[in-house]
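Read-outs: derived from the displayed coordinates by stated rules, not from any lab. Note that the structure is a prediction, hence the values are computed from the model and not measured. Quick reminder, even Gly has a Cβ in these numbers, built from the backbone with ideal geometry, and neighbours come from all protein chains shown.
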Amino acid sequence: MICATFIFKQHTHNQDFVALDDEIMARANANPGFIRKAKWLSPDGDTIRVDYYFTDDESLQTFRRDEVHREAKRRYAEWYVGYEVEISAITFQHTDGNL
């Protein structure tokens, strides 16, 4: 499993952002290798972390190359102070089944 983590500080949250974000999620959900998304806020609420989980690197690359996702990357300065991306391979996962 592959996790793409997107960490950012946002300065603007407008209708353009919401529409693009919704379309990106629709496209992620249409990707057969997409597993799930998790979102976290820092205690002060200033920093947002979004984890996108994929079955494999090919599925992640499909998401990365998507034209709507690429448009959002080109326009990031309209909404974000700054951002960081981390790509991780999940080598082990354990759950009690309650989440």
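Would you pick out the residues in the range 1-13 that are in a loop (DSSP other than H, G, I, E, B) and out of contact with any Ser or Thr (no Cβ under 8 Å at 6 or more places or on another chain)? Answer for the range 1-13, where residues must be in a loop (DSSP other than H, G, I, E, B) and out of contact with any Ser or Thr (no Cβ under 8 Å at 6 or more places or on another chain): His11, Thr12, His13.
Checking the stated criteria, Glu78 turns out to be more than 17 Å from Ile2 (Cα to Cα) and of a type in the set (Asp, Glu).
Between Asp44, Asp57, Asp51, the distinction of being in contact with a Lys or Arg (Cβ under 9 Å, 6 or more places away or on another chain) and of a type outside the set (A, V, I, L, M, F, W, C) belongs to Asp51 only.
Among the residues making up the range 71-99, those that are touching a helix residue (DSSP H, G or I) at 6+ places or on another chain (Cβ under 8 Å) and of a type in the set (D, E, K, R) are Glu71, Arg75, Glu78.
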